[in-house]
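Enquirer: Sharing a structure below in structure tokens format, with a few things to ask.
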Amino acid sequence: MAENRAAKVGFAAEAQQKMDSKYDYFLAKDILQWVKELTADETINIDGRTDQFHETLKDGVILCRLANTFEAGVIPEKKINKSKMAFKCMENINLFLEAAVKFGVPRQETFQSVDLWEKQNLTAVLMCLQSLARKASKYGLRSLGPKEAEANVRQFSEDQLRAGDTVISLQYGSNKGATQSGINFGNTRHM
């Protein structure tokens, strides 16, 4: 666990401080409120401070419940461990991460289980949950953040595609026969 780690010093401490400074209290509060609404769990504390955010989500049980609101049974109830043992909690977090990727969260927007369990990078946890919240409207749930673009695939017939071959666009432009002959940059090479 995080309290068993040696304190970071030097560059590691500076890097950790920089990571910690990117944590957004208000975004965390909004995310926790969103999770509370979707899971209908009144025990969730929506205080966005890092300690409360970590304490609320670190065992992974709430995250697994959240995944099951997107698609019932995506994480079977028998696989969700209520134990407080480290490896069981990290297993819950991994089950959530696999489900999040299945729901469309890009791998680069996910986090590692130790980021949450050991409170190493809560900003990455926030970004993953924010990405998942944007995908919620595709599953009939209330989303959080901007609506994602949808594909607008268009089909053109061969005749429509060939009609464009006869048009000379003004975007092609003209150089009116200009060449680069006679242009010298700097001093010429003397042999």
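Enquirer: If the Cβ limit is 6 Å and pairs must be 6+ apart or interchain, which residue in region 1-30 that is free of Cβ contacts under 8 Å to residues at least 60 places away in the same chain pairs with which residue that is part of a helix (DSSP H, G or I) and surrounded by 10 or more Cβ atoms within 10 Å (Cβ to Cβ)?
Expert: If the second residue must be part of a helix (DSSP H, G or I) and surrounded by 10 or more Cβ atoms within 10 Å (Cβ to Cβ), the pairs left are Lys8/Gln16.
Enquirer: Name the residues in region 20-71 that are closer than 21 Å to Lys88 by Cα, surrounded by 15 or more Cβ atoms within 10 Å (Cβ to Cβ) and of a type in the set (Asp, Glu), would you?
Expert: Asp59
Enquirer: While we're looking at this one, here's another question. Take the residues in region 1-28 that are part of a loop (DSSP other than H, G, I, E, B) and more than 17 Å from the chain's Cα centre (by Cα); name whichever of them is modelled with the lowest pLDDT.
Expert: Met1
Enquirer: Over 22 Å from Gln52 (Cβ atoms) and β-branched (Val, Ile, Thr): is that true of Val114 in this structure?
Expert: Against the criterion (over 22 Å from Gln52 (Cβ atoms) and β-branched (Val, Ile, Thr)), Val114 does not qualify.
Enquirer: May I pose another question? Scan (1) at positive phi; (2) among the small types (Gly, Ala, Ser); (3) in contact with a helix residue (DSSP H, G or I) (Cβ under 6 Å, 6 or more places away or on another chain) for the single condition Ala67 breaks and write down its number.
Expert: If we test Ala67 against (1) at positive phi; (2) among the small types (Gly, Ala, Ser); (3) in contact with a helix residue (DSSP H, G or I) (Cβ under 6 Å, 6 or more places away or on another chain), just (1) comes out false.
Enquirer: Cβ contacts < 9 Å: first residue under 13 Å from Asp30 (Cα atoms) and at pLDDT 90 or above, restricted to region 44-59; second residue of a type outside the set (A, V, I, L, M) and crowded, with 17+ Cβ neighbours inside 10 Å, any location; separation 6+ or different chain. Result?
Expert: Cβ pairs passing all conditions: Phe53/Tyr23.
Enquirer: Another one. Among helices (runs of 4 or more DSSP H) lying entirely in region 29-113, which contain 2 or more residues that are closer than 15 Å to Ser131 by Cα and under 18 Å from the mean Cα position of the chain (by Cα)?
Expert: Counting at least 2 such residues, we get 61-70, 86-102.
The values are calculated or read from the model by the stated rules, or taken from the named source; none is laboratory data. All values derive from a computational prediction rather than experimental measurement. Virtual Cβ from ideal backbone geometry, glycine too; neighbours counted across all protein chains shown.
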